[in-house]
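Only one structure is covered here, and it is reproduced in the block below.
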Amino acid sequence: MLEVTYGDYKLTDYMAVTSKFNRGIGLNRSNYLKDKKETGKLFLRSSLEENIITMPFILRYDLNAKRRELAKILGTLTPQRLVFSDEPDKYYMAIPDNRIDLEEIVFLGKGQIDWIVPDGVAYSTEERQFHALDNTLSIENNGSHKSPASFTADFTEDTDYLGLLTDKKIIQLGTVEDTDASTMAESTVIFLSLIHI
């Protein structure tokens with residue numbers, strides 16, 4: 001049975017997720033096209049949008065008590081971590097969309113939560129550390145979407161600057177005071193296009 005955790009709460013203590021549960025494949029996208037004089041259309045661009053995870057559920061017995069508890073849990077005004085037990089190493093930052101209707105029949109309740117995932121992706125729960133070898137840092141990330149990297153540098157000696165080189169950018173933080181050193185454009189922003197789950 002699929003278990004679902006939202007924020008600090010285990011939703012499946014109150015409900016059971018049905019078989020029509022749908023996470024989809026990949027990101028939701030919008031394609032922009034322009035009419036051509038000839039047959040067909042001209043492709044302009046694509047944009048990646050928010051994703052929606054549809055999660056039908058059923059409640060059994062004690063419907064009023066469960067409905068009230070779920071209203072407290074799902075009444076958040078900001079996205080929370082959403083974790084499914086078949087992928088415990090990943091989470092979505094999600095929030096319910098619209099009102100959640102509940103069809104009540106005696107001791108049984110049926111409904112569906114439409115989770116909006118604003119950035120459309122899942123994140124790995126694992127933080128990975130990489131160590132530089134011969135002043136080279138190689139980062140392996142096996143996800144399916146681009147993601148910025150977060151850097152923390154621990155120095156063994158005093159230094160006034162940190163320089164980073166990617167295949168597209170040279171980035172310097174601090175000031176090079178050594179006159180023999182080559183100068184680089186100063187920057188306070190570090191960005192790498194990486195793949196993230």
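Data for the structure
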quantity	calculated
Reachable aspartates and glutamates from Lys66, criterion Cα separation under 15 angstrom, eight or more residues apart if same chain	Asp13, Asp101, Glu103, Glu104
Under Karplus coefficients 6.51, -1.76 and 1.60, residue-wise ³J(HN,Hα) of the stretch 56-61 in Hz, glycine/proline x	x, 8, 10, 10, 10, 6
Point-charge dipole on Cβ atoms (K/R +1, D/E -1) for the stretch 1-140, about Cα centre, debye to 20	620
Long pairs among Lys41/Lys168; Lys10/Lys72; Lys90/Lys110, criterion Cα-Cα beyond 22 Å	Lys41/Lys168; Lys90/Lys110
Segment Phe107-Asn64, extension gain: residue separation times 0.36 nm, minus the distance between their alpha carbons	14.5 nm
Whole-Å semi-axes of the stretch 1-88's equivalent ellipsoid (Cα gyration tensor)	39, 14, 13
Two-decimal log10 I(q)/I(0) for the stretch 84-129, as the Debye equation yields it once each C-alpha is a single scatterer, q = 0.27, 0.32 Å⁻¹	-0.99, -1.11
Share of carbon and sulfur in the accessible heavy-atom surface of the stretch 1-143 [1.4 Å probe, %]	47
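The values are calculated or read from the model by the stated rules, or taken from the named source; none is laboratory data. Being a predicted model, the structure only gives us computed values, none of them experimental. Cβ: placed from backbone, ideal geometry, glycine included. Neighbour counts: every protein chain shown. Side chains are part of the model used for accessible areas, which takes the heavy atoms of the whole protein and leaves out ligands, DNA and RNA. Shrake-Rupley method; radii C 1.70, N 1.55, O 1.52, S 1.80 Å.
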